[in-house]
Each structure stands twice: as structure tokens, then as C-alpha cells.
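K.L.:
Please find one structure pasted underneath; my questions will follow.
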Amino acid sequence: MGKEQRFLEFLERLVRVTHNPDFFDRETYVELIHDICECYGISKGDVEFYRNTSAEQKHEGSYFCDFDNGHAHKIIHRIRVISKTQAVLIATLYAEESAEFSDEEIDQLGLLLRVILSFVSRRRMMDTLETFGFTDEKGYPNFRAYARYLEMRNAEGKLVGNLAVQMDLHNFTLVNQEVGRECADEVMWNYFEAVKRAVGEKGIVSRLGGDKFIAVLPPEAKERFFEVLSGIPIPYDEESSKRIFVSSAAGIYVIPESFVMHTSGDIMDKITLSCAVAKKSEEGAIVFYDETMRAMRERSKLVQRDFRIGLKREEFLVYYQPKVDVHSGEIVGAEALCRWFRDGSIVPPMNFIPILEQNMDICDLDFYMLEHVCRDIRRWLDVGRNVVRISVNLSRKHLVDVDLQEHIMTVIDKYHVPHEYVEIELTETTTDVQFRDLKRVVTGLRELGVHAAVDDFGMGYSSLNLIREIPWDVLKVDKCFLPTDDEKDNSINNVMFKHVVALAQDMGLECVVEGVETEKQLELLRTNCCNIAQGFYFDKPLPVEEFERRMITKGYETPVVTDTP
Ligand code: C2E
Ligand code: MG
Ligand code: MG
């Protein structure tokens, strides 16, 4: 074969193998490089790649060598090219000391090298794009990688039956606190690896940001995947072989046959929604998407939309639920509870407060309530009525407001309400930061003579620290602690109730028990020396006029219940 013909054959083979980087066959390519080198008497060929000229100056690039027979003694040819994307590529050919090359051969080699370089440049740029475009700053595949995967699988018609998932790691803030930021990063990475293994080759896991991940997996991976969701021990410190338990809440959409995907957003909507529902339910919850969720979301949107108008039109009313002295039946206080008078019916707080708590809207409602309560107290004082302390609920969302205490006092003082007539109810917190803020606010209020109550004590993860470290005036025992009539004396609820009440008394806290509905429960309070009850046994939350009438009669008859043997 003539030299010219041989060169043309190499050129043709090279163009063929490097034609489409997506279908690149490395084995054929390396074989071809070897053939070329052997044929021309080349001992070694290498390529340096730099993303741009400044990377070249700093020698921050990558290096490839596909052929080296160990006899590279001199450089016989070197070319440097700059690609359209400003990447710099330098190719060098080496040969033995004695080797000789004609000008024609050098020209031919130069041309072959240029074909190789344009290929390397395209491939490298694709890799760079892959690295920078489809992974996030910590190396996790990102949303773009997920969207691309969905689009590819959809085009192949392989999405039906797959599970699309959004997952949210449980309590990752706590993991951060517990093991420190660096180790927490490792925990997250190792958990991600476990999720990836469960999902398998025929799926993808990407990070949305923070501790949120999204995945697509085939039905056969479901069981393994659910195991990882419900919780597995994750190692994070190789030396001491320490492990921490990690689990996730997840929203899942099983892609049905009828599903038509226009964009990846069609799936994201569904898994984001079901994940939000999962997060609100019990730990470890896995929630499958269904169409009623969409209706719920529509309702939420309507609430958020109508809230501002409702506030302006004063559609929110303050209802007062009396707090009663269990011995005398006298009203010693009341809790202000919100009702929304919307389109002719009364909406209970559970139907709108959790929605308003999704953003800071709840804070405006709480201040509206405080303002209306102070206005009522002022009016009662002005007409010489008997006034009792009124408690107002404040959402935890307020705790981020560093000036919360001043804001509260501005409202109280605007109506010249003596501070002792106002009580603020706050619920327990879940994080250290909130705990610190809570302590600051309660301490501040107390110094100014405003009472502070810990609400729903016992319902969440109440810690004893909460009542030891924070100077509360009042502890409101949640109704979940109050035994029902048919519970035995030695039931866990009964034992805990007695001790919680005793603890509050011994610590000098005023103790209010919520949810008292029966005479027997009232008697239980009496026998345990708990003085104040709030509940349907006396009254439901009352509209202001009714509450005022109640205040005139001053209270209730309180029958004494004696246990029948
Ligand atoms: P909460 O602060 O613990 O209020 C006590 C809730 O228990 C009230 O529900 C009250 O009606 C109910 N309750 C009282 N006695 C009994 C009883 O004997 N049996 C039963 N089953 N329930 C009883 P409501 O008014 O539906 O309020 C629910 C929750 O909504 C409140 O719980 C509070 O967390 C929240 N909320 C109400 N108004 C406001 C507000 O203005 N601001 C904020 N941030 N939250 C509010
Ligand atoms: Mg309350
Ligand atoms: Mg409560």
C-alpha cells in the first residue's frame, strides 16, 4: 500500500471513529492510534487539555496518553490549537533518537493530529459541561440532570410504571447540630449513595438543594428504596465507625399509562405536593400523590388569596374561651381564639392557620388578634366591667422577629392596657435557635409584666429544659395528657398527667388543663390540685357578646363528683 493511500485510509478510519462522540468506541479508537503510531514509527503521543489560556498558564489542565512504547526520545512534532470555546489543546508526538521523518509524513501526521484534537476538544467540553451543567457545587447530579433523564426516558416511552419521588431528609438540621457540618456533609453523601444503590442503574437520584432530593426508579427497586426511606444507619466517621440513623419523608407519583409529559414540571408539581403532605404527617411518612391533593392545594391558594381582603374587611372574629377556677367555678381568664367569618359560614382555625403558617401571613393575623383583644379589654375597662387576663396565641413563626417584644408592647400600650391583663401563648420549639429566641422573648415579656404561657405542653417533643430554662408563668397541659373517663387509674396517661401537674405546681407555675369535657375530668383536676380548667365542659369558645354575658354571671356552678365504688 502506497504511503498516500495508507494515510487516506487512516484518515477515513479516524473520521469514522470520532464522528459521533455519543457513540464513541474507545477500543476501536485505541487500536487505530496504535496502528498509526506503529506505521509511522511514533513512540509516544500525548495531549494536554486546558479549559482556557489562563488555565494553561497555571498548568491546570488534564493530560492523556493513548500510546507509549517506552522509547520516546525526541519530540518530532507538536501543535497547539485553541478551540471555538477557547479551550487550549496541545498534542506532542515523540520518536526514537534515530527515527527520521519526511516533510510529507510530518504533514500527514499533523492532519491526523488535528482530527484527533478536534474530537478531544468536543468530548472534553462535553465532559466539562456535564460536570458543570449537570452537577451541583457538591458534586450531586442536579435538577437539570433529572429533567434530562425524564425527557430521555419519556421519549423512549419508558416512564410508565416508574416511581417519581421527591424526598426530604428528616431532621437534617439536627444531624448538623449533632455531628457538625463537615460530618453532616458526609452523612448526606453516604445516604445519597445508599439511595442511588437502591434505585439502581435504571433510575436517577438528583439533589434539588439543601436536604431535598428527587428520584425516578423502576417498580422493581421499590422495596429496597422504601427501606432506605424508612431509615438506615449511615456511617460518617471511618476511624471510629460512628453511624447515625437517617430517614426521609417522601412524596411519590406512580407514572400512569395515561400520563402525558409536556415538561418535567408536570411531574415535579405532583411530587412536590405529595412530599409537602408527607412532611406534615408522621415521621417516615411516604405519601402517594392523588388528585384530592390538588384540590387541597387549590383551597390553600384561595385562603392565601382571600386572607388579605378578609383582614381588611375584619372578617376574622375573636372568640373567647373561659378558663375556670375548678373549685369556685369562677372565670379567671380566657383564651382568644380566631374564627373566620367567610361567605356566611364560620371557618375553624384548623382550616386556615396551618395554611397561613406556610408563609409569614400568620404573623399579621396574630397581631390583628392582639389588637382586637386589647381593644376589647380597653372597652371593658372603660365601662367598668370585670376584666380577666386574656391569652393570645402567637405562632412560632414570630420568633425570627428580633423586635417581637417591642411590637407586642406597642400594641398593648397603644390601648393603655395594664400589662397583667395580657398573656401570650407560645408553643414549644424544635431547634436550638428557636429555643434561644423563645427564651429571649419570654424573659423580656415577663420583665414587662406580660404573662407568658407554654401552650400544648406534651403534644410535641416537650423537653424538661423548656420549662427549666425559660421563665414561663403558665403551663398549659395539652388535652392529649388528660385521661378520658374510661381510663384506669394506673394508665400511663393518668400517671403522666398527675406528675406533669405536680411538676408545674412545684415549680410555681400556674397550671391550666385544656380540653376538660367531663365532670370526672374536672374532679381529676381537683384531686391533683390543679386549679384551672379550660374546656367544653364549661364552654366552647364564645363570641364576644356571649363571653361578656358570661362574665356578668361570673362563672359556673361546679358540681363535686365523688367516685362511685
Ligand atoms: P390551642 O391554642 O391549643 O387552643 C385550644 C383549642 O382547643 C381550641 O381549638 C379550642 O376550641 C379547643 N378546645 C377547647 N376545649 C376543648 C375541649 O374540651 N375539647 C376539645 N376537643 N377541644 C377543646 P380551636 O379554637 O379550633 O383552635 C385550634 C388551634 O388553632 C389553637 O389551639 C391554636 O393553636 C390555633 N389558633 C387559634 N386561634 C389562633 C390565633 O389567633 N393565632 C394562632 N397563631 N393560632 C391560633
Ligand atoms: Mg392556645
Ligand atoms: Mg393549646
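K.L.:
With contacts defined as alpha carbon pairs under 8 Å and 6 or more residues apart, what's the relative contact order of the stretch 2-139 in percent?
P.N.:
With pairs under 8 Å counted, the relative contact order is 23 percent.
K.L.:
Need one number: the % of Cα-Cα pairs in the chain sitting beyond the 40 Å mark.
P.N.:
51 percent
K.L.:
Can you classify the stretch 117-206 as rounded, prolate or oblate using the Cα gyration tensor, where a ≥ b ≥ c are the square roots of its eigenvalues, rounded means a/c under 1.5, and otherwise it's prolate if a/b beats b/c and oblate if not?
P.N.:
The shape class here is oblate.
K.L.:
Run the numbers on the chain and let me know its relative contact order in percent, using alpha-carbon pairs under 8 Å that are six or more apart.
P.N.:
8 percent
K.L.:
When only DSSP loop residues count, what GluC sites (Glu not before Pro) in the stretch 66-140 have their Cβ near at most 16 other Cβ atoms within 10 Å?
P.N.:
Listed in order of number, the matching sites are Glu96, Glu97, Glu100, Glu137.
K.L.:
Strictly over 23 Å apart at the Cα level, which of Lys301/Lys479; Lys280/Lys301; Lys280/Lys397 would you flag in this model?
P.N.:
In this structure, Lys301/Lys479 exceed 23 Å between Cα atoms.
K.L.:
Which of the peptides 516-524, 163-171 is most tightly packed, and how do the rest follow, judged by the mean count of other Cβ atoms within 10 Å per residue?
P.N.:
So the peptides 516-524, 163-171, ranked by packing, come out 163-171, 516-524.
K.L.:
Based on the Cβ-Cβ distance of Glu545 and Arg446, what FRET efficiency does E = 1/(1 + (r/R0)^6) give at R0 = 41 Å, to the nearest 0.05?
P.N.:
In this case the efficiency is close to 0.80.
K.L.:
Cβ neighbours within 10 Å, averaged per peptide: list 52-64, 331-343, 78-90 in order, most packed at the top.
P.N.:
Highest to lowest by the protection proxy: 331-343, 78-90, 52-64.
K.L.:
In deg cm²/dmol and to the nearest 500, what is the mean residue ellipticity at 222 nm of the chain if only DSSP H runs of at least 4 residues count, each as -39500 (n - 2.57), divided by the residue total?
P.N.:
Using -39500 (n - 2.57) per qualifying helix, the result is -14000 deg cm²/dmol.
K.L.:
I'd like the distance separating the alpha-carbon centroids of the stretch 466-492 and the stretch 493-539, in whole Å.
P.N.:
Centre-to-centre (Cα) distance: 7 Å.
K.L.:
Using the Cα gyration tensor of the stretch 1-76, with a ≥ b ≥ c the square roots of its eigenvalues, what is the shape: rounded (a/c below 1.5), prolate (a/b larger than b/c) or oblate (neither)?
P.N.:
Oblate, since a/c reaches 1.5 and b/c is not below a/b.
K.L.:
Taking the beta-carbon count within 10 Å as an exposure proxy, list Met293, Met152 from fewest neighbours to most.
P.N.:
Ascending Cβ contact count within 10 Å gives the list Met152, Met293.
K.L.:
Under the classification rounded if a/c is under 1.5, otherwise prolate if a/b is larger than b/c and oblate if not, where does the stretch 1-151 fall, given a ≥ b ≥ c as square roots of the Cα gyration tensor eigenvalues?
P.N.:
Prolate.
K.L.:
For the stretch 302-354, calculate the relative contact order in percent as a whole number, restricting contacts to Cα pairs under 8 Å that are 6 or more residues apart.
P.N.:
For the stretch 302-354, the relative contact order is 28 percent.
K.L.:
Order these peptides, 486-494, 507-515, by their mean beta-carbon neighbour count within 10 angstrom, highest first.
P.N.:
507-515, 486-494
K.L.:
Within the stretch 234-275, list the chymotrypsin sites (Phe, Trp or Tyr not before Pro) lying in a DSSP loop whose Cβ has at most 16 other Cβ atoms in a 10 Å radius.
P.N.:
Phe259
Bear in mind these aren't lab numbers, they're just calculated from the coordinates by the rules spelled out. Bear in mind that the values here come from a model prediction, so they are computed numbers and not experimental data. Cβ: placed from backbone, ideal geometry, glycine included. Neighbour counts: every protein chain shown.
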